[in-house]
Structure formats: C-alpha cells, structure tokens
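See structure below.
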Amino acid sequence: MRYFFRDLVSFASHRRTSRQRLNLRWLISFLLVSCGLSWALVMGWVVPSLAQSTPATPAAPAARSTSSFTLPKPPTTQPTVAAGNPGQYVLEFNRSPVVGNRFRLEGIYDEARLRFTRPQSWKPKTIKLLLRYRHSGALYATRSNLTVLINGTSVGSIPLNKPQGKIGEIVFPVPLNLVQDYNELVIAALQNNSPTCTQDPFDPSLWTEVLPDSKLLFDFEPQPIALNFNRYPYPVFDNLSLEANAVAYLLPKSLDEAWLTATTRLQTELGRFANFRAMDTRLVEAIDQVEPNERLILVGTPASQPAIGSLDLPLAMAGDQLLDGRQQPLPADVGVLMLASDPAQKVPVLIASGNGAEGVAKAVQFLVQAQDRKIGTGQVIFVDQVTPVESPPAREWRGYLPEANSFQLKDLSTFDNQPMQDVIVRGSHAPALEFDFRALPDDEFLPGSTMTLRYSYGPQINPLTSLVEVLLDGVAVGGARLTEVGGEQHKSLKLDLPADRIRPNSKIQVNFLLDPRERRSCSRVTDQQLWGTIHTDTQFNLQRQTTARLPDLKLLQTGFPFATPQDLSNTTIVLPNNPSKSDLQVMLQIGERLGRLSKSDSIQMSVYRSNKLPEDQRSAHHLIAIGTEAQFPFPEVMKDGGFAIQKDKTRQWQQSRIQVLPDNQGMVKQIISPWNRDRVLLALSGQTETGLNQVRDFLAQDPLFFQLQGDTVLISANQANASPYNANDYSLEFLQQTAPRPVKTNSSMNQVWQQIQRSWYFLAPAIVIAALTLYGIIQLFLRRLTPPQGQ
C-alpha cells in the first residue's frame, strides 16, 4: 500500500518515471478487475445462496403487557360435559371413496385395505364386522379363502365355496383390545382354480368382490368430555370423528371488524385442522338453537356476547366485565379463553373473550398460532402476551417443492409432514414408492430439469426381466435394467423431467419390477429375497422461472394468489356495510377453504366492511368481496366487461344482455384489482341470498370446488338437498372473459437473483469481457494523461 500511495502522489505531481507509470497502470487495472470479479462472484453466488439458506430473523417480541391481575382459585374437580346415551353406529364401506361400487380382489393372492378411526369420546362395548361378498364360480373351495385382519391380527377366515352368483354373508366379532385411535382393516383373498396348483396367476377367473354394503357396527358408550385445553382442538374439533365435525358460532349483538376478523381467523385455523375431513359450520342467534352433536363457539366481549353470562363459567362476572381472583375487572388488553358447557350440560362451548377488543384479538391469535397453542392447558387461559410471528416468504409453501432449484429427496415431506427416509420394497409385485412433487402455483418450468435417482437392489434377480422405472403422474419418464445378478449399491440414474408435466398436484412414483432368477412349480414366484431401496440423496435439479398469469380460477384450487404468503397476510375479505347471515356464512366458508389450502404458524388475514376498508389494504392486498348484487362492496366490479350481474335481474356477457326471473345462481368471478395491477379481486356474489348459498355449497364441497377453471363460474343446484357426488344435482358453467396476463408475484430483487442463478454459466465469459473492456478504457485514459516523452 505504501508504494501504491507513493505512485499515486507521483502521478498527481506529474513527476514519474516510465517504470512508475507502467506499475501504476497494471496496479489500477488489477484492482479494478479484482473488484469486478469479487463483486460478480459474491453477488452471483454467495448472496443468492444466503437468501435461500439463511432463515428469516424472527420479529422481536412485543413489549410485555403491564397489565396486572390475580388468578382465581382453580376448580377442585375436573370440569366435564355429561356423557350422552349409549348407542350404535354403523360404518358402511361405501362411505369410503376407495371402495366405490365394490372391493375387487384378483389373482392368486390379493388384499384390500380400509382405514377407520375411533372417536375420542367413545368407549366401545362391542364391535362387529358384517361382510357381504361374492366370488368366481371357478374357485376351488378347499384351496380358496377370505381372511379379515384388524391392525395386523386375524379376526376370522372363511372358505370361498359359494355357487356362481350367490352372495355370501358372515359376521366377525372384533376383539375390543385390537381397536385403536387409527385402525386398518385388511381383507385378504387366497384364490385357486385347481386342486393341485393354479397355472396362471393372472387368470381372469380368479376374483372375489366385497360388496359396498358391508359394514362395521359399533355399540358404544359415550364418555364425559373433559374441559381442558391440553388436547385442543378437541373437544371443539375431533380429528378422529367418523362424522363431519359440526361447529356453531353465536352471533354477537352487533357486528364490528374485530369480531369479523377474529371469527374468520379461528374458522380458518379449524379448516387447517380439518384438512381433508368434512366439517359443517353455521351461525346461531341463541344458545338453545345448538344441536347436541354441535360445538358452540362464542367470540367477543361479554358486552357483545351477553350469553356468556348465562353459562357456568370458571370466572366470576360483574355486569359485562370478567373478574380476576380479587374480584376486580380484568384489564382490557388481556385475552381469556375458556371451555364450558351449555346450560343443559350437553354441548362443549369454546369462549374467546376479554373485557376489550384487544383482549379478544389476543385470545384468538393464541389459538391460531401453532407454537403458542402447544403450551395451553387447563380450563381457563389468560393471554397476557402473544409473540408476533413474522410472515413466511411468499414462495415458502409447506408440502410443495423447495424454492431452491437444487434439492434432494430428503428435503421433501411425507403425507404426515415428516422428512422422507430411505425406502426399501420387497417382492416381485411390491407397490411403488409415491411422493408428492407439487410445483408452486407460479412456477413455470423450462427444458433441462433433471432427476438423478440413487437406488440399490439385492442379488438373485433375473437381469433380463428386472428393472426400475420412474413415473410422473402415471406417465413413465425413464427407467433402467437391473443388470447385476449379485446386486448393486447406490446406483445412479439420471432422467429428464418433462417441463410441461410438473403441476401443483403432481406425484412421482418409483417402481421396482423385480423378477427372480428361478421359479418354482405352477409359476408361483419366490420373491421374498428380492428387494430394492430408494435413497434420500436422490437429486433434483430444476430449471424454472416465476410466472403467474391471472385471472385464473384454476390456480385458486391451490389457494393462489391469496395464500401468498401462507399466513394469508396479503388477503383481505370485504363485506357489505350491513352483512346478512348468508354473507357471514360465505365469509366463514372461504376462510375454511383457505385454511385447508395453506399451512403456516399463524394467520394474519383481515376482514372489513366496505365502509371501513383502509385505503392501503384496498390497494396493496388481494381482495375477496362478498355480497349480493344489491349490496356488493365494489359495484364497479359488476361493470368490468365480461360477465356481470346488474339490477333488475339483468345479466350481461360482453355485448349480450338479458333479464331472467328468477335468478338463483351463484357467481364466482376473478378479475385484476382495479387499484393494483399486481393484485386480484375475487367476487363471491349472486342476485339473491339463494345464489350466495350456492356459492357457499360450492366452496364447501371438494368435488365441485376442484372443477374450477376460467375466470368466472356460475353455480346452480338442480334440486333440493343436492349431492356434489351426483353430476346431475349441480350445474356449473365456466366462462373466460379476459386473457390471463402476467402478474408479478415475487419481489424485483428476488427476480434478479433468480435470473443470475439461471444464467450463472454466462458469468465467467461476461466477467472476462468486462475486465478486458475496463482494461482497455483505463489504458486509453492513462495514455491521454501521460505527457509526451521528454516533457
């Protein structure tokens, strides 16, 4: 550095030798090129890597509340809800979608599986399995039988000896000690059509069918329900229930944004608990309207929910104030969660309350934040402080592909949210390993995406007929023969993944087709020594870019764009100034649906009436507007070209206009937000309350919701008590009013990093060219500044 500054001083004073000038030129050029190389390397590789791998810094905890209060004395006995009357429950096989019209068992040996749960409030007295079946008349009775197993233990076996077309019926008693919370029923069939041996294991005459009216019969005795938060969401939501969980919300005296937001967030979290399970939700105006099979939820202060005072509470009340242990009113910023029962002692009641709106919000937020909820116990929880949870990155979706373009199989999750492990399969007809390969909704894949499968297999295979294959959504993308008789360890197979086939609901199957070197008589395969392993260091390298084209209701099947980020913090629901009961039911239903489609540690969605909607949320958030045409929060949406419903039962599609009577259809319509071209507005509307009810049913029923497409859908039920599983009960009309346009779903800086990552192989030539260009400019500049020789 000393010589560097000396040369600079000499250059500035024009007193320098030719050697100094040469050294200075090379020194400056070297520094500039080095700086350019360092900047390119750091910004091109290090910074994006840190952006992907460094966890977000958690938000600093909020300042502790200065509220002070005294806890009341705990109850001396465990509070419970009285048990109901003993009864019988019939679980028919046809309620399971895997059964359909029948279980069909084919070949020499085949199995069918059915899973069921045991509700948490049941104590079984007797359990019986009524099995109805029929089988092929070609079966040889003494060498064909049907065996039933519960959780791996046999409960009975019968010979397949019925005449052709005759239906058999048998009752198996099930030992009570075999039944657990989660249970698996296996029906195994051994089928032979010869007294010695069956020549062809794929003979079509080898079949048995278990009829769909087979059933499990439970005689049970209900147990008292403990009112304790240590098993939450039970008793509000039972994830082991055999029926749809039923929830009723008590309407407050008057609606405000605090109640609307808190109730919707709580319902959204219940939707996450429900996941794939059915749930029924309704609103009631009085406690006595609640049915015995429902769970009642009260949200609000005692002033807005006077019914709180009529319940048997573990806290004292004075007027419309909750009191602490010293009989003083609780501070307004302290939330209170309580479990109680209705006056008849038959229905559990969840109360999220406090003496102020801030306390109520804290109580609900505690329940919707997964990490906070884990520490809850007892009948009463006082929520003094709730740690703020930072919103996850917009493209961090649990259960979907990682945001990094290069990852391994162990970075993906199983169906129960556990990291993938090495999987070994055995036998010549072993089932394929299947795992989710769900693309993010705004992913657009480019050619060049690859999968490097790493696998092992054992000895004793037939190398002429054994192979491993990889399928994407049931379509083979590649495979390889297993050529070594002695087996191989950690073999690699590189495959190209088709860019146009990776979707948000994609699955990959890895299948070993193993054939033994030797066969025994009658073509029976000896296959227990055959095995194959899929290793978790299987590598994926994807080429993709972020592109979302909206409006597109098909993307709503994944929750996109409202579930970006997954805590729903960029989503606002807007209701009419005076929302009706139907408006509120649609609000709860869309909240539940978004809960089923998203996963995060918190929920930050907001709900406003149209006259209370903040301007910043109108312009910066994705909006979901609910209401009939007469009360719709944004009337301008109905004039936005395409399909629109207007006054006097008028309908308009482009330049066509008609009037209909009556108009009981519901409408779901998505447009680009008029206030922000990078946001969308979803309209849930109809001309009448009946139309809104059709929208609610559409959002609630999976067979209807997952048909979404286009940007507008018209929904109508063709009869009362319509079933979503019957194609003739509902009519759906899909329209596309505008061509989808690209919408920015990622920050500009993240897009730059992605572009650099995708173009890393151009960086080295670009750096060399830039360095040479800089060197030439500097040389020219120094020549012009250097005086002629001798001056």
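Points to keep in mind about this one:
- Of all residues in region 483-506, those that are open to solvent by less than 70 Å² (accessible area, probe 1.4 Å) have Cβ atoms under 7 Å from Cβ atoms of residues that are acidic (Asp, Glu), 6 or more apart or on another chain, in SER506/ASP473.
- The lone criterion from (1) in contact with a His (Cβ under 6 Å, 6 or more places away or on another chain); (2) within 14 Å of PRO441 (Cα to Cα); (3) open to solvent by 20 Å² or more (accessible area, probe 1.4 Å) left unmet by PHE562 is number (3).
- Selection status of LEU367, part of a strand (DSSP E or B), open to solvent by less than 40 Å² (accessible area, probe 1.4 Å) and touching a residue at least 24 places away in the same chain (Cβ under 8 Å): no
- Checked against (1) open to solvent by 10 Å² or more (accessible area, probe 1.4 Å); (2) touching a Leu at 6+ places or on another chain (Cβ under 8 Å); (3) at pLDDT 95 or above, ASN541 passes all but a single condition, namely (2).
- Count of region 431-445 residues which are open to solvent by 40 Å² or more (accessible area, probe 1.4 Å) and touching a helix residue (DSSP H, G or I) at 6+ places or on another chain (Cβ under 9 Å): 1
- Of all residues in region 235-245, those that are open to solvent by 10 Å² or more (accessible area, probe 1.4 Å) and in a loop (DSSP other than H, G, I, E, B) total 6.
- Test: SER428 is in contact (Cβ under 8 Å) with a residue 40 or more places away in the chain, crowded, with 16+ Cβ neighbours inside 10 Å, of a type outside the set (Phe, Trp, Tyr) and out of contact with any helix residue (DSSP H, G or I) (no Cβ under 6 Å at 6 or more places or on another chain): yes
- So GLN589, is it touching a residue at least 40 places away in the same chain (Cβ under 8 Å), closer than 15 Å to ASN693 by Cα, surrounded by 21 or more Cβ atoms within 10 Å (Cβ to Cβ) and out of contact with any strand residue (DSSP E or B) (no Cβ under 6 Å at 6 or more places or on another chain): yes
- The single condition among (1) among the charged types (D, E, K, R); (2) more than 37 Å from the chain's Cα centre (by Cα); (3) surrounded by fewer than 16 Cβ atoms within 10 Å (Cβ to Cβ) that ARG134 does not satisfy is (3).
- Residues within region 251-279 that are under 18 Å from the mean Cα position of the chain (by Cα), assigned to a loop (DSSP other than H, G, I, E, B) and either on the phi > 0 side of the Ramachandran plot or not hydrophobic (A, V, I, L, M, F, W, C) (or both), tallied: 2
- Yes/no for THR387 being surrounded by fewer than 20 Cβ atoms within 10 Å (Cβ to Cβ), touching an Asp or Glu at 6+ places or on another chain (Cβ under 9 Å) and either of a type in the set (S, T, N, Q) or outside any loop (DSSP other than H, G, I, E, B) (or both): yes
- Members of region 138-152 found to be over 17 Å from CYS197 (Cα atoms) and open to solvent by less than 60 Å² (accessible area, probe 1.4 Å), listed by number: LEU146, THR147, VAL148, LEU149, ILE150, ASN151
- Residue match in region 398-408 (condition: in contact with a Ser or Thr (Cβ under 6 Å, 6 or more places away or on another chain) and on the phi < 0 side of the Ramachandran plot): no
- Restricting region 469-522 to residues that are over 30 Å from the mean Cα position of the chain (by Cα) and among the polar types (S, T, N, Q), the residue that is farthest from PRO201 (Cα to Cα): SER492
- Qualifying residue in region 720-730 (condition: within 30 Å of ARG618 (Cβ to Cβ) and either in a helix (DSSP H, G or I) or of a type in the set (D, E, K, R) (or both)): no
- Between ARG373, ARG395, the distinction of being among the basic types (Lys, Arg), in contact with a Phe, Trp or Tyr (Cβ under 8 Å, 6 or more places away or on another chain) and under 28 Å from LEU597 (Cβ atoms) belongs to ARG373 only.
- Filtered residues of region 566-586 (kept if closer than 23 Å to ARG677 by Cβ, in contact with a Ser or Thr (Cβ under 7 Å, 6 or more places away or on another chain) and open to solvent by less than 10 Å² (accessible area, probe 1.4 Å)): LEU568, THR572, ILE573, VAL574
- Qualifying residue in region 446-457 (condition: open to solvent by 40 Å² or more (accessible area, probe 1.4 Å), small (Gly, Ala, Ser), closer than 16 Å to SER406 by Cα and assigned to a loop (DSSP other than H, G, I, E, B)): yes
- Candidates in region 97-112 are the residues that are assigned to a loop (DSSP other than H, G, I, E, B) and open to solvent by 30 Å² or more (accessible area, probe 1.4 Å); of these, the one that is farthest from LEU146 (Cα to Cα) is PRO97.
- Unique match (being outside any strand (DSSP E or B), of a type outside the set (S, T, N, Q) and farther than 22 Å from ALA370 by Cα) among ALA307, ALA248: ALA307
- Residues in region 288-306 include at least one that is buried (at least 21 other Cβ atoms within 10 Å of the Cβ) and of a type in the set (Ser, Thr, Tyr).
- Taking region 331-359 as the range and being assigned to a helix (DSSP H, G or I) and open to solvent by 10 Å² or more (accessible area, probe 1.4 Å) as the test, the residues that pass are ALA357, GLU358.
- Region 218-232: number of residues that are surrounded by fewer than 22 Cβ atoms within 10 Å (Cβ to Cβ) and either part of a loop (DSSP other than H, G, I, E, B) or more than 33 Å from the chain's Cα centre (by Cα) (or both): 7
- Subset of region 160-213 (residues that are in a strand (DSSP E or B) and aromatic (Phe, Trp, Tyr)): PHE172, TYR182, TRP207
- Residue match in region 406-415 (condition: farther than 30 Å from GLN529 by Cβ, open to solvent by 30 Å² or more (accessible area, probe 1.4 Å), in a helix (DSSP H, G or I) and in contact (Cβ under 8 Å) with a residue 40 or more places away in the chain): no
The values are calculated or read from the model by the stated rules, or taken from the named source; none is laboratory data. What you are looking at is a predicted structure, and each value in this text was computed from that prediction instead of being measured. Please note: Cβ atoms are built from the backbone with ideal geometry, for glycine as well, and neighbour counts cover all protein chains shown. Ligands, DNA and RNA are excluded from the accessible area calculation, which covers all protein heavy atoms including side chains. Shrake-Rupley method; radii C 1.70, N 1.55, O 1.52, S 1.80 Å.
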